[in-house]
Amino acid sequence: MDRFRMIFQYFQSNSESVMNGICGLLALASVKIYTCLDFSCPCLPRYNMAYGLGIMFVPPIALFLCGLILNRQSLVMLEEWRRPQGHRRKDLAVIRYMCCSIMQRAMIAPAIWIIVTLLDGKCLICAFSDSVDPKKFVGFANATLAQAQELLTRVPCKEDELMRNSTSRRAVSRYLRCWSQALGWSILLIFIVAAFLARWLTPCFNQAALLQTRHWSNYIDIEQKIFEETCCEHSRLFAHQCILHFFESMQKEIRHHSFDLAREKEGKEGKEDLLHGITDQDQVNRLLKTWYFEKPPLDVSQATHRHPPGL
Amino acid sequence: MDKFRMVFQFLQSNQESFMSGICGIMALASAQLYSAFDFNCPCLPRYNLAYGLGVLLVPPLILFLLGFVLNNNVSMLAEEWRRPQGQRGKDMAVLRYMFCSMAQRAMIAPAVWVSVTLLDGKCITCAFCTALPVEALGNASHHGLSQGEVKRVLARIPCKEIYDGQELIANEVAIRYLRCISQALGWCFVLLMTTLAFLVRSLRPCFTQAVFLKSRYWSHYIDIERKLFDETCAEHAKSFAKVCIQQFFQGMSTDLAATHCHPPRKAPTDAGEASEKLLGITDWGTMNTALKSWHRCKPPLHLHPATPYSSNGWAGEWQPPAQPPTQPPAPRREVAAYYSGV
C-alpha cells in the first residue's frame, strides 16, 4: 500500500513524471492488447501480406496518435507555437525542444508493439510465408510452382487440414521466426544504443542552451497550469459575489414592498445575517423563481465596492 | 478500499486527469461488458445479419445515451439553454462547448465497444457468412445446390457443430477469411477514431484558442455558480428551519404557561446554557404536548421578526394587498424574539 502511494506521489510530483507515467501505461497497454489479440492469419494468397504487415504497422500509428493526444504538453506546445507574439518573444528552440520530447515519449509504445510483434514472429510468418524459396525445403521442392505457392500460403495456419502434420511447414515456420526474432532483437539493440548515445552525448554539445530551453519549457507548462487554477479560483469568487449580491437585491425588494417592520432592524444587523432577510415560504419561492427567470447580470462591481474582497 | 481512495485522489487532483480517468474507466467497462456478453449466432439465413449487426450497433447507441444520462452536466446544459434571457445574455459558444465536450466523453465507450467487437470477429463472421465469395474460396460449381440452399449452408458457418458444407467451403477457411476482414475493419476504425481525436485536439489551438478560453471559463463559471447557489440555499434552509423550530418551541412554552396561568419559569442565572437549550419546556406533559402539536399542526413557513404585535398578513408578498393573506391567523401566538444570529 505504501509503495503504491509512493508511486502515485512520485508521478504526480511534476508534469514530466506524469507524462512518463502515461507513457509507461501506454507501453503496458500495447503489450496487453497484443497478447489479447487473437491473431488469425487468413492463409490466402494476397491477403497474408496485407494482414501481416497491417497488424505490424497500423496499431503503432494508432498508439502514436494516442500518445500525442494523451500528452498534455502537446497542447501547450501547439498553443505556444500558434500564439500571436504580443509582448512576449517566441523562442523557437523551446518549441523544438518540447516537440522533440513529446515525439520521443509518443514513440515508445509503437516501438514496443513492433518489437513484441517481431519477437513473437506470427506477423512475419503470415506476411512472408509465400515469399520463401520453396526449393530450400524438402516437402516443397518436388511440388510444382503453383502447388508450392498454395502450400506456402497455408504455412501460418497450423490447424489447416493440409498442413496439420507437415514437417516442412514447421521448417518454414522456424525459418521465418528466426528471421523475425533476429530483426526484433536488432531493432531493440539499435533503439537502446541510440537512446544511450543521445543521453550521453547531449551534455557535450551546448549544455547551457539546453538548460535554458528546458527551464523555459517547464515554465510555460507551469504557467498554463497556474493560469487555469487562477481562473477556477476567480470564477468561484465571482460566483460567490454574484449570489450574495442576488440575495441582497432580493432582500431590498422585499423591504421595499413590505414597508416593513424589518426596516427597524437595520440597525441591528451587526452580525452576519445567514437568512439574508428571507424569512417566508413565499419569499423563498419568489427568490427561486427569480433565479431561474432572471439570472443576475455578470457584473459584481457594485457588490465588490460594498464588500471588500477580503470577505 | 485504500487503493480506490488513492486512485480517486490522484484522478481528482486536476480537471484534466479526472476526465482522463473517467474516459479510461468507461473504456474498460465497455470492454468488460463485451467479454461478459454471451454471443450466440442464430445460424439462420436472414437472422444472422440482423443479430450480428444488432450486437455491433445497438449497444453502442445505448452506451452513448448512457454517457449523457450519467453526466451531471447535462442538466446544467439544458437549464442554461432553456432559461429566459432576463438580465444576463446567453452565449451560444459556451453552450456549444459544453455540448461538444459532453459528446466527446460519451463517444468513448461506444467506440471501444465497436472496436472490440470488430477485433474479436464473431459479429462480422455471424453477420456476413452468407455473403462469402464461394467461387474464390471454395468449390461453388461442384454442387447442384440452389441459391437458397447455399445460403442456408453458409449460414451455419459460425456454428461449427452443425456445419455440413465442408465440401462447399471449408469451415476454417471461411472463418479465417471473415475474421481477417473483421480485424482489418476493426483496426481501420481504431485508426480513424484516433486520427479524428488527434485532429480535433490539435486544430483547436491553431484556430480558435481565444474563443475556447472564454467558453471554458464561462462554462466552468456556470457550473460553480449552480453549486454555490445550491449550497447557499441549503444553508438558508438550515437557518430557516432552526429559527422556525425555535419559534415553535417558544410559542408552545408561552401557550402552555398562559394556559396553566403561571408565568414562564425564569431560568436561574447560574444554570446558563443548558436551561436556554430547554427552550422553556421542562416536564413530561409539556414535551408530549409539544410533540403532538408538531405532528398535528406544523407552524407556518413564516418567521416572525421581533415586533410588539403579531404579524399575520405580511408574508412579504408583494402582490397588491387586496389579496387575502395565504396563511390562517395563528391563534394566541405571542411573538417571540427573532434570532438572526443562528
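The values are calculated or read from the model by the stated rules, or taken from the named source; none is laboratory data. Nothing here was measured: the structure is a model prediction, and the numbers come from that model. Cβ: placed from backbone, ideal geometry, glycine included. Neighbour counts: every protein chain shown. Side chains are part of the model used for accessible areas, which takes the heavy atoms of the whole protein and leaves out ligands, DNA and RNA. Shrake-Rupley method; radii C 1.70, N 1.55, O 1.52, S 1.80 Å.
Residues in segment B:118-130 that are away from chain A (no Cβ under 13 Å) and either more than 13 Å from B:Tyr47 (Cα to Cα) or open to solvent by less than 10 Å² (accessible area, probe 1.4 Å) (or both): 4 in all.
One residue stands out among those in segment B:191-234 that are buried (at least 16 other Cβ atoms within 10 Å of the Cβ) and of a type in the set (Val, Ile, Thr): the one that is nearest to A:Asn71 (Cα to Cα), which is B:Thr194. For segment B:132-153, the set of residues classified as more than 50 Å from the chain's Cα centre (by Cα) and part of a helix (DSSP H, G or I) consists of B:Glu135, B:Ala136, B:Leu137, B:Gln147, B:Glu149, listed by residue number. Considering segment A:202-213, and only residues there that are open to solvent by less than 80 Å² (accessible area, probe 1.4 Å) and aliphatic (A, V, I, L, M), the residue that is farthest from A:Asp91 (Cα to Cα) turns out to be A:Ala208.
Among the residues of segment A:30-44, what is the count of those that are facing chain B (nearest Cβ under 10 Å) and either among the hydrophobic types (A, V, I, L, M, F, W, C) or surrounded by fewer than 16 Cβ atoms within 10 Å (Cβ to Cβ) (or both)? Of the residues in that region, 8 qualify. Taking segment A:219-236 as the range and being within 17 Å of B:Asp230 (Cβ to Cβ) and either open to solvent by 20 Å² or more (accessible area, probe 1.4 Å) or more than 40 Å from the chain's Cα centre (by Cα) (or both) as the test, only A:Arg236 passes.
The residues listed here are A:Met98, A:Met77; of these, the one that is out of contact with any Gly (no Cβ under 9 Å at 6 or more places or on another chain) and open to solvent by less than 20 Å² (accessible area, probe 1.4 Å) is A:Met98.
Take the residues in segment B:158-177 that are among the aliphatic types (A, V, I, L, M) and more than 9 Å from chain A (Cβ to nearest Cβ); name whichever of them is most open to solvent (accessible area, probe 1.4 Å). Looking at the filtered set, the residue picked out is B:Ile162.
Residues that are loosely packed, with under 15 Cβ neighbours inside 10 Å number at least 2 in the following helices (runs of 4 or more DSSP H) confined to segment A:103-187: A:138-141, A:145-153. At the interface with chain A (Cβ under 10 Å from one of its Cβ atoms), more than 26 Å from B:Val69 (Cβ to Cβ) and in contact with a Leu (Cβ under 7 Å, 6 or more places away or on another chain): does that describe B:Leu192? Taking the combined requirement at face value, the residue does not satisfy it.
Condition check ((1) at pLDDT below 85; (2) in a helix (DSSP H, G or I)) across all residues:
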{"residue": "B:Gly21", "(1), (2)": "yes, yes"}
{"residue": "B:Gln32", "(1), (2)": "no, yes"}
{"residue": "B:Arg46", "(1), (2)": "no, yes"}
{"residue": "B:Leu49", "(1), (2)": "no, yes"}
{"residue": "B:Pro59", "(1), (2)": "no, yes"}
{"residue": "B:Gln85", "(1), (2)": "yes, no"}
{"residue": "B:Lys90", "(1), (2)": "yes, no"}
{"residue": "B:Ser101", "(1), (2)": "no, yes"}
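Scanning segment B:232-256 for residues that are facing another protein chain (nearest Cβ under 9 Å) and among the charged types (D, E, K, R) yields a total of 2.
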